[in-house]
Amino acid sequence: MKTAAAESLPSRVGSKTLESLAYLGSLAQLAGQSAYVTFVGPFKGRRLRPQRAIQQAMAVGVEAIPILSLISFLFGLIMALQLGHELKRFGMMQMIAEAVVVAVTRELGPLITAIVVIGRSGSAFAAEIGTKKVTEEVDALRTMAFDPVAFLVAPKFLAMLVMVPALAIWADLLGVFGGYVFGTLAAGFTLQTYFQATRDAIVLHDLYTGLIKAVLFGIVITAVGCHEGFGTGAGAEAVGRSTTSAVVTSIFLVVTVDLIFTTLFYITG
Amino acid sequence: MAEPDDQTPAISVVDLRVSYGEREILHGISFDIRKGETLVILGGSGCGKSTLLRTLVGLQRPTSGEVWIGGVNTATIGEREMDKIRLKMGMSFQQGALFGSMTVGENVALPLREHTSLEESTIEIMVRIKLGQVGLSKFQDYMPAELSGGMRKRAAVARALAMDPEILFFDEPSAGLDPIVAAGLDQLILDLKKAYSITIVVVTHELPSAWLIADRILIVDRGNIVALGDREKIRASTHPRVRQFLDRVPEPEVTEELDYLQMLTGDRERPE
């Protein structure tokens, strides 16, 4: 065991970089294995158990709707308030509908969804798998000739791939509704004019860039949550540590993925 | 170590070495487990007996050596092939390791549902039979959390029996149980031995239970086998570590960290 002081800065940077790459590699491996059991496995005579994915989809998606609705509505309202303050100075209050819908569909909807899903489900994935690791349930699965990835991870991926984009669309709607509340109260819109302005402002491109992000966020959150769960050491505190680390790492990676794809969309128009 | 035997053993371990990182836990051990016998692996805490068990069921990869089960060297095969062998093995974990989100009945049914194409009604009957065998027929619809420690272990045995295994492994069956419940578990193992002619491997540090259930006893100390044989042979052993274990002579206190690590891995020579 070398001490940190004995290592030179470049070698520390090097080993940290390698560690990070190895971490990303293991996330990709987890996602790949899950994709294999979900999409290739059934054609090779391995049974797929949709009930587990449906259960997960309920927990990940349907049960998140109330809190996500509230938060995205409030964010839409806050966005409108902030933008309204600036737009008023330029006398462009009529732009509020356009500004809100573009910001919400391209960025805020998917991002708020990701944050809510990380808090509710990413942490739960790490805690669930971590607890199963500590109580030897993961070992029990293996001794019973079950693949823990197929059993525990694949249903979560499937559920997240469907539910995160669906939640993002819902968050988009509620965000726009938040903007509408400000628009009618402070910018002289009616339901019809706000709806019309929103519809004119939005193009398909805005929607699908947001949805592509949402899908990627879903993959990142699941992979990190499950990976941290499997990495849990011994004891109850270890589960807590994995959960914390799942949330922190997921937020960081989601924002990184967001930056990369927003840059790509910016460059490609 | 193994005595002459004309039938093929259920498990044959040859020069098995297992390490965690740089620390070697098992230092090249060899022994056979005969078909239909009950072998008790006995040893103190940290002697490597749990690692040995984990290696036998394929949860831990050996660094070198061979583990032959059913004509296959499991040390060299992949997860997939290992799964085929695992279908013929049952394992009862120390804390039961029942799946907390399923009822006791669903836990027992799970391997049948996933690995066989039996009708749901047949599975239902088999679950009832298996739970009956461990004395839990009335508790099919209970959640694992609602059961006592002893009942949970019994349920885990029922789940391990679900696929009618050829080899049944027990990890510390009486750990954390009061003597009466522990005696009940010993009796369960004896009953299973009588009912099926399966090979049973039990890892424990409980001497009374070892004397009761074992056909042969294997004593592991610091990653090495120090004794293997039937009860009489073990009782008559003059090996100092076996005597110390059987006569319950305490170890001198270990106060140095290095000594402790060496004690675990067996690198340190004991002053005899």
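Once phi is turned into θ = phi - 60°, what whole-Hz ³J(HN,Hα) does the Karplus curve with 6.51, -1.76 and 1.60 give for every residue of the stretch B:34-44, x standing for Gly and Pro?
With coefficients 6.51, -1.76 and 1.60, one gets 7, 5, x, 8, 10, 9, 9, 9, 10, x, x Hz.
Please report, in whole Å³, the volume per residue of the convex hull around the C-alpha atoms of the stretch B:49-88.
Per residue, the Cα convex hull of the stretch B:49-88 comes to 68 Å³.
Just to check, using Stokes-Einstein with a Kirkwood Rh over alpha carbon pairs, what's the diffusion coefficient of chain B at 25 °C and 0.890 mPa s in µm²/s?
D, rounded to a whole number, is 125 µm²/s.
In whole Hz, what ³J(HN,Hα) sequence does the stretch B:76-81 give by Karplus (6.51, -1.76, 1.60; θ = phi - 60°), x for Gly and Pro?
10, 8, x, 4, 4, 5
Based on the inverse mean of 1/r over its pairs of different Cα atoms, what is the Kirkwood hydrodynamic radius of the stretch B:1-70, in Å? If you can, show how the numbers build up before the last one.
Numbers: mean 1/r = 0.0789 Å⁻¹.
Kirkwood hydrodynamic radius for the stretch B:1-70: 12.7 Å.
How about the stretch A:1-109: which chymotrypsin sites (Phe, Trp or Tyr not before Pro) there lie in a loop by DSSP and see at most 16 other Cβ atoms within 10 Å?
On the way: sites: A:Y23, A:Y36, A:F39, A:F43, A:F73, A:F75, A:F90; in loops: A:F90.
Answer by residue number: A:F90.
Round to the nearest 0.05 the FRET efficiency obtained for A:V13 and B:T63 when R0 = 41 Å and r is the Cβ-Cβ distance.
0.80
For B:S19, list long-range residues whose amide hydrogen, built 1.01 Å from N in the peptide plane, is under 5 Å from its own amide hydrogen.
B:I25, B:T63
Mind pulling the per residue volume of the convex hull built on the Cα atoms of the stretch A:34-156? Å³ is fine.
118
Just want the answer: with Cβ charges of +1 for Lys and Arg and -1 for Asp and Glu, which residue in A:I115, A:P66, A:A127 is farthest toward the dipole's positive end in the stretch A:1-153?
So the residue we want is A:A127.
Which Cα, out of B:F99, B:L112, B:A182, lies furthest along the positive dipole direction of the stretch B:86-197 (beta carbon charges, K/R +1, D/E -1)?
B:A182
Report, to one decimal in Å, the Kirkwood hydrodynamic radius for the stretch B:32-132 based on all distinct Cα pairs.
16.1
What are the semi-axes of the equivalent ellipsoid for the protein assembly as shown, taken as the square roots of 5 times the Cα gyration tensor eigenvalues, largest first, in whole Å?
The answer is 57, 27, 20 Å, longest axis first.
Across every pair of different alpha-carbon atoms, what Kirkwood hydrodynamic radius in Å does the stretch A:148-228 reach?
Numbers: mean 1/r = 0.0678 Å⁻¹.
For the stretch A:148-228, the Kirkwood estimate is 14.8 Å.
Tell me, rounded to the nearest percent, the portion of alpha carbon pairs in the stretch B:97-164 spaced more than 14 Å apart. Walk me through the numbers before you get to the answer.
Working: 1080 of 2278 pairs.
Tail of the P(r) past 14 Å holds 47 percent of the pairs.
How would you rank B:13-20, B:161-168, B:245-252, B:92-99, highest first, on the average number of other Cβ atoms within 10 Å across their residues?
Order by mean packing, descending: B:92-99, B:161-168, B:13-20, B:245-252.
Using the count of nearby Cβ atoms within 10 Å as a rough guide to exposure, how do B:Y260, B:Y196 rank from fewest to most?
Sorted ascending by nearby Cβ count, the order is B:Y260, B:Y196.
Using only helices, what value at 222 nm comes out for chain A when you add -39,500 (n - 2.57) per DSSP H run of length 4 or more and divide by the total residues, to the nearest 500 deg cm²/dmol?
Taking each H run of at least 4 residues, the total per residue is -25500 deg cm²/dmol.
Bin width 5 Å, alpha-carbon pairs only: give the P(r) of the stretch A:30-268 as whole percents, running from 0 to the bin holding the largest distance.
1, 7, 13, 15, 16, 14, 11, 8, 6, 4, 3, 2, 1, 0
Rounded to whole Å and sorted largest first, what semi-axes of the equivalent ellipsoid does the C-alpha gyration tensor of the stretch A:221-263 yield via the square root of 5 times each eigenvalue?
The answer is 25, 9, 5 Å, longest axis first.
Would you list, by chain and number, the lysines whose Cα falls below 18 Å from the Cα of A:K16, excluding same-chain residues fewer than 8 positions away?
In chain and number order, the partners are A:K2.
Using a basic spin-label model with each label point 7 Å from the Cα along Cα→Cβ, how many nm lie between B:K194 and B:D141?
Distance between label points: 3.3 nm.
With θ taken as phi - 60° and the coefficients 6.51, -1.76 and 1.60, list the Karplus ³J(HN,Hα) couplings across the stretch A:7-24 in order, rounded to whole Hz; mark glycine and proline as x.
8, 7, 4, x, 5, 5, 4, x, 5, 5, 4, 4, 4, 4, 5, 5, 5, 4
Neighbouring Cβ atoms within 10 Å as the yardstick, rank B:S45, A:S72 fewest first.
B:S45, A:S72
So how far, in whole Å, is the C-alpha centre of the stretch A:46-118 from the one of the stretch B:65-138?
Cα centres, the stretch A:46-118 to the stretch B:65-138: 45 Å.
Every read-out reported here was derived from the displayed coordinates using simple, explicitly stated rules and does not represent laboratory data. Keep in mind that this is a model prediction, so the values were computed, not measured. Neighbour counts are summed over all protein chains in view; Cβ atoms, including those assigned to glycine, are modelled from backbone coordinates with ideal geometry.
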